[in-house]
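The values are calculated or read from the model by the stated rules, or taken from the named source; none is laboratory data. No experiment lies behind these values; they were computed from the predicted model shown. Using ideal geometry, Cβ is built from the backbone for each residue, glycine included, and neighbour counts are taken over all protein chains shown. The accessibility values were calculated without ligands, DNA or RNA, using every heavy atom of the protein model including side chains. Shrake-Rupley method; radii C 1.70, N 1.55, O 1.52, S 1.80 Å.
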Amino acid sequence: MARHNKRDKQHSYAVQSFDKIRDGETLYRKLYTSDYILDEAVTACRQRTRNHGLPVGLGTLILSSESLLMLRVDEDTLLEAWELFKSRREIPLSLTDCTSAILARKHGITDVYSYDSDFEALGFRVLARL
């Protein structure tokens, strides 16, 4: 979302990170995302920008990207995420964050590209820049 919203305080970092991925200048060749992240990003982009075109562009980019691999939240993942959400009251995680954490664990992902440091409390290494 920060990459598409020029007013986002992380915009320039997001543009630089995705340019590095595209140009092969980082260890990360692919990033994983999920259907829940797609929903959250498109919805938040629409709410923050009040511009229909930006979230449409963002969703189109995510769905067509060769650098982003889409993971799907199935029923087991949702139930595990719900248990995580209920049990970690001290961390201000959203249910979407919890689904991301469960999917990451299931796929052996240890590094999370996010501007949300709350993932560190779940044992992930958080990278705000690539």
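Could you say which residue among GLY57, GLY24, GLY53 is on the phi > 0 side of the Ramachandran plot and not charged (D, E, K, R)? So that I can check it myself, show each step before the final result.
Numbers: GLY57 fails: on the phi > 0 side of the Ramachandran plot; GLY53 fails: on the phi > 0 side of the Ramachandran plot.
Selected residue: GLY24, the only one of GLY57, GLY24, GLY53 that is on the phi > 0 side of the Ramachandran plot and not charged (D, E, K, R).
Yes/no per residue for (1) outside any helix (DSSP H, G or I); (2) more than 16 Å from the chain's Cα centre (by Cα); (3) without any contact (Cβ under 8 Å) to a residue 24 or more places away in the chain; (4) farther than 24 Å from ARG29 by Cβ:
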site	(1), (2), (3), (4)
GLN47	no, yes, yes, yes
MET70	yes, no, no, no
LEU79	no, yes, yes, yes
TRP82	no, yes, yes, yes
LEU93	yes, no, no, yes
SER100	no, no, no, no
LEU103	no, no, no, no
ASP118	no, no, no, yes
VAL126	yes, no, yes, no
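Within the group LEU69, LEU54, which residue is surrounded by fewer than 16 Cβ atoms within 10 Å (Cβ to Cβ) and more than 16 Å from ARG129 (Cα to Cα)?
LEU69
Does segment 112-122 contain at least one residue that is β-branched (Val, Ile, Thr), surrounded by 17 or more Cβ atoms within 10 Å (Cβ to Cβ) and either at pLDDT below 95 or over 13 Å from TYR36 (Cβ atoms) (or both)? Don't jump to the end; show me each part of the working.
Filtering segment 112-122 down to residues β-branched (Val, Ile, Thr) leaves 112.
Subset that is surrounded by 17 or more Cβ atoms within 10 Å (Cβ to Cβ): 112.
Narrowing the set further to residues that are either at pLDDT below 95 or over 13 Å from TYR36 (Cβ atoms) (or both) leaves 112.
The answer is yes; a qualifying residue exists.
When you go through (1) within 21 Å of VAL42 (Cβ to Cβ); (2) open to solvent by 100 Å² or more (accessible area, probe 1.4 Å); (3) of a type in the set (A, V, I, L, M, F, W, C) one by one for TRP82, which number turns out not to apply?
All conditions pass for TRP82, except number (1).
In segment 35-49, which residues are of a type in the set (Lys, Arg) and either open to solvent by less than 30 Å² (accessible area, probe 1.4 Å) or modelled with pLDDT of 90 or more (or both)?
Of all residues in segment 35-49, those of a type in the set (Lys, Arg) come to 46, 48.
Across segment 35-49, the qualifying residue is only ARG46.
Please go through segment 17-34 and pick out each residue that is part of a loop (DSSP other than H, G, I, E, B), open to solvent by 70 Å² or more (accessible area, probe 1.4 Å) and closer than 22 Å to HIS107 by Cα.
At the first step, the residues of segment 17-34 found to be part of a loop (DSSP other than H, G, I, E, B) are 23-30.
Then keep just the ones that are open to solvent by 70 Å² or more (accessible area, probe 1.4 Å); that gives 23, 25, 27, 29-30.
Answer for segment 17-34, where residues must be part of a loop (DSSP other than H, G, I, E, B), open to solvent by 70 Å² or more (accessible area, probe 1.4 Å) and closer than 22 Å to HIS107 by Cα: LEU27, ARG29, LYS30.
Please determine whether any residue of segment 44-60 is aliphatic (A, V, I, L, M) and in contact with a strand residue (DSSP E or B) (Cβ under 8 Å, 6 or more places away or on another chain). Walk me through how you get there before you give the answer.
Restricting attention to segment 44-60, the residues satisfying the condition of being aliphatic (A, V, I, L, M) are 44, 54, 56, 58.
Subsequent filtering for residues that are in contact with a strand residue (DSSP E or B) (Cβ under 8 Å, 6 or more places away or on another chain) retains none.
There is no residue in segment 44-60 that is aliphatic (A, V, I, L, M) and in contact with a strand residue (DSSP E or B) (Cβ under 8 Å, 6 or more places away or on another chain).
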